[in-house]
Each structure stands twice: as structure tokens, then as C-alpha cells.
Amino acid sequence: MERAAELTDPVDRFEQARAAVYQNIFTRRDVRSQFLPDQVSDVVLSRVLMAAHHAPSVGFMQPWNFLVIRSKAVRQRVHAAFLLARAEEATKFDNEKEEQYRRLKLEGILEAPINICVTCDHGRAGPAVLGRTHNPATDIYSTVCAVQNLWLAARAEGLGVGWVSIFRTAALQNILGIPTNISPIAYLCVGYVSHFLDKPELELAGWRSRTPLEKLVFFDQWGQDHCEWSDGVVQRIRHIQERERQGAIAE
Ligand SMILES: Cc1cc2nc3c(=O)[nH]c(=O)nc-3n(C[C@H](O)[C@H](O)[C@H](O)COP(=O)(O)O)c2cc1C
């Protein structure tokens, strides 16, 4: 019997809230352009940080720290580091794409009232960590899980989050006083927003669009896009995507 069928408590099955969970996932956005200056209360900020702290982590390592930044002076220094890195990255694209890149808004460091740098301490749980022996990067994966928890909790609070990765790591460490053995994983701009866009801002700007999910799902073997039991899944995926195209929130 499937585990889901064993759960009789409607709370365990998220019976009332399931739609809200999906709505949260599908309406989360990376926000750069819609930040409002409204302050985020300590109560809301604490809830969002607590959600991040409840992320899964390899060997329960909890390798994260959350460096919360409100200081305008600090944010200005971070913004300057972003501008330098952005100028470097722009040259990686050819002609038209470079021009398009330069027009994109890629951060809200100064507009968002709060910035949060989420870091990973690779030595948090000593030299041997359960589950990390063969995959040292799992501490970073764990930290990214915390980021996603934070992002979704923020969305539930009506807060936008924008991830800025366009920095030289050393520059960020220097500005924020982060020791060299601690990795900054995510620099997040957080604040209330005027609205959440329906689609990723990069998609609306014509940079890239969402890949159809059925092109990304394989069955039993790498590269195998169908097998004797796959038709139902593929059809259902296409159905959800079609409804999404028509404006429905996928469910
Ligand atoms: C690891 C990571 C780094 C990112 N870095 C940036 C960034 O530097 N600037 C930016 O504008 N968006 C950044 N993003 C946001 C993506 O552009 C965004 O998630 C994607 O376009 C899909 O949009 P959505 O998050 O609104 O669905 C980053 C996202 C991730 C996961």
C-alpha cells in the first residue's frame, strides 16, 4: 500500500492546505524590480529564518549561517561589487545577447530593505560527516535547501526574494567579513513587493523560457524518454503544462 494511502489524518495529508503548498511553489518568483521600501518586522523575519533552519542537511550538519544586512553602507559596497562582476560577466555573451544582458535588471540590493547572505561552513560537524564522505559538496546542497525553504516561506509571507550570484566570492567575503573557510552560497535581496510576476522575469525579457518537463524526465535509463509504463506520466505532465499555458496554477 502506498504511504500516502496509509495516512488518515487530513492534516498529515495536507488535505486542506495542499493547494496552498502548490500555489506557493508555482507563484514564487526571483524578484529584482518590484521591491517596496516597507520594513519587514522582526516577527516575519524570524519566521522566515526559522523555516530556512528547518531545511534538510547532510548528517544533520546544519552548515548554514544567515548574515542579515540592513545597513545601507554595507549594501552600497555589495552593490559596487555586483556592478564590477556584472561588467565582467557581460563580456561572456556575444553581440546582441551582450546588449540584452546589459539591459537586464539582475538585483535589488539597494531597493530591498533586507539582504541576507547565506553561508556554508564546511567544517561545521568535524572532519567526518554522515553521508558526506563520498560527496563533499553535500554541505553546499544542504545550504541551498535552506535557501529554498527561506524563499518559499518568504513567498507565503508576501515577501519577494532575489538571489544575486554575480560577485567575486572574495569580494563578498571581504565586504562582509566572512572568513575564507566559510563559503557565501547565496546573497538574497528580501522585501515586500508591489506584485509578483506571472512568469520568470528572464522569460518575460526574452532571455530564456521554461523547458517542457517531458524533455527532462527519463525512465529507467539515462536518455530513455519512454518505456512501457511512462505514457500516463507524460500525458499527465502535458495536461498540466497545457492548463498552465491557459493560466491555471498547476495542481
Ligand atoms: C543559484 C542561483 C543564482 C541566481 N543568480 C541570479 C542573479 O545573480 N541575478 C538574477 O537576476 N537572478 C538570479 N537568479 C534567479 C534566476 O534568474 C531565476 O530563478 C530564474 O530566472 C527563474 O525565475 P523564477 O525564480 O522567478 O522562477 C539565480 C537563481 C539561482 C537558483
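If I ask for residues that are out of contact with any Gly (no Cβ under 7 Å at 6 or more places or on another chain) and within 10 Å of ALA125 (Cα to Cα), which ones from segment 51-66 would you list?
PHE60, MET61, GLN62, PRO63
Would you be able to tell me the number of residues in segment 184-198 that are more than 19 Å from GLN76 (Cβ to Cβ), within 16 Å of the ligand (Cβ to nearest atom) and in contact with an Asp or Glu (Cβ under 8 Å, 6 or more places away or on another chain)? I'd like the intermediate steps shown before the answer.
Applying the first criterion (more than 19 Å from GLN76 (Cβ to Cβ)) to segment 184-198 yields 185-186, 192-198.
Restricting the remaining residues to those that are within 16 Å of the ligand (Cβ to nearest atom) gives 185-186, 193-198.
Of the ones still in play, those that are also in contact with an Asp or Glu (Cβ under 8 Å, 6 or more places away or on another chain) are none.
Total satisfying the criteria: 0.
Let's see how each residue does on (1) farther than 30 Å from PRO179 by Cα; (2) surrounded by 13 or more Cβ atoms within 10 Å (Cβ to Cβ); (3) out of contact with any strand residue (DSSP E or B) (no Cβ under 6 Å at 6 or more places or on another chain):
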position: GLN16; (1), (2), (3): yes, no, yes
position: SER57; (1), (2), (3): no, yes, yes
position: PHE60; (1), (2), (3): no, no, yes
position: VAL74; (1), (2), (3): no, yes, yes
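Filtering segment 85-114 down to residues that are among the aliphatic types (A, V, I, L, M) and surrounded by 13 or more Cβ atoms within 10 Å (Cβ to Cβ), which residue is nearest to the ligand (Cβ to nearest atom)? Give the steps one after another, and end with the answer.
If we filter segment 85-114 for residues that are among the aliphatic types (A, V, I, L, M), which is where we start, we get 85, 87, 90, 104, 106, 109-110, 112, 114.
When the remaining residues are screened for being surrounded by 13 or more Cβ atoms within 10 Å (Cβ to Cβ), the result is 85, 90, 104, 106, 109-110, 112, 114.
Working: ALA85: 9, ALA90: 13, LEU104: 7, LEU106: 4, ILE109: 10, LEU110: 14, ALA112: 12, ILE114: 17 Å.
Among those that are among the aliphatic types (A, V, I, L, M) and surrounded by 13 or more Cβ atoms within 10 Å (Cβ to Cβ), it is LEU106.
Applying the selection to segment 148-169, what residues are crowded, with 21+ Cβ neighbours inside 10 Å and within 14 Å of PRO56 (Cβ to Cβ)?
Answer for segment 148-169, where residues must be crowded, with 21+ Cβ neighbours inside 10 Å and within 14 Å of PRO56 (Cβ to Cβ): just LEU150.
Hey, can you tell me all the residues within segment 115-139 that are hydrophobic (A, V, I, L, M, F, W, C) and either touching a residue at least 60 places away in the same chain (Cβ under 8 Å) or more than 14 Å from the ligand (Cβ to nearest atom) (or both)?
Residues of segment 115-139 hydrophobic (A, V, I, L, M, F, W, C): 116-118, 120, 125, 128-130, 137.
If the condition is that a residue be hydrophobic (A, V, I, L, M, F, W, C) and either touching a residue at least 60 places away in the same chain (Cβ under 8 Å) or more than 14 Å from the ligand (Cβ to nearest atom) (or both), then ILE116, CYS117, VAL118, CYS120, ALA125, ALA128, VAL129, LEU130 are the ones that fit.
Within segment 154-175, track down each residue that is in contact (Cβ under 8 Å) with a residue 60 or more places away in the chain and away from the ligand (no atom under 15 Å from the Cβ).
Initial filter on segment 154-175 (in contact (Cβ under 8 Å) with a residue 60 or more places away in the chain): 154-157, 159-164, 166-168, 171-172, 175.
Within segment 154-175, ALA156, GLU157, ILE175 qualify.
For segment 199-217, what are the residues that are within 12 Å of the ligand (Cβ to nearest atom) and without any contact (Cβ under 8 Å) to a residue 24 or more places away in the chain?
Correct list: LYS199, GLU203, LEU204, ARG208, SER209, ARG210, THR211.
Kindly indicate whether ARG238 is in contact with a helix residue (DSSP H, G or I) (Cβ under 7 Å, 6 or more places away or on another chain), outside any loop (DSSP other than H, G, I, E, B) and either more than 14 Å from the ligand (Cβ to nearest atom) or basic (Lys, Arg) (or both). Working first, answer last.
Numbers: in contact with a helix residue (DSSP H, G or I) (Cβ under 7 Å, 6 or more places away or on another chain): yes; outside any loop (DSSP other than H, G, I, E, B): yes; either more than 14 Å from the ligand (Cβ to nearest atom) or basic (Lys, Arg) (or both): yes.
So ARG238 fits the description; yes.
Among the residues of segment 75-98, is any assigned to a helix (DSSP H, G or I), in the same structural domain as CYS189 (by TED's automatic domain parsing) and at positive phi? I'd like the intermediate steps shown before the answer.
Step one: list which residues in segment 75-98 are assigned to a helix (DSSP H, G or I), which gives 75-90, 95-98.
Subset that is in the same structural domain as CYS189 (by TED's automatic domain parsing): 75-90, 95-98.
From what's left, at positive phi: 95.
Yes.
Among all residue pairs at least 6 apart or on different chains, which show Cβ distances below 6 Å where the first residue, located in segment 235-247, is within 17 Å of LEU216 (Cβ to Cβ) and the second is at pLDDT below 95 and surrounded by 11 or more Cβ atoms within 10 Å (Cβ to Cβ)?
ILE240/ALA250; GLU244/ALA250
The values are calculated or read from the model by the stated rules, or taken from the named source; none is laboratory data. The model shown is predicted, which means the values in this text are computed figures rather than measured ones. Quick reminder, even Gly has a Cβ in these numbers, built from the backbone with ideal geometry, and neighbours come from all protein chains shown.
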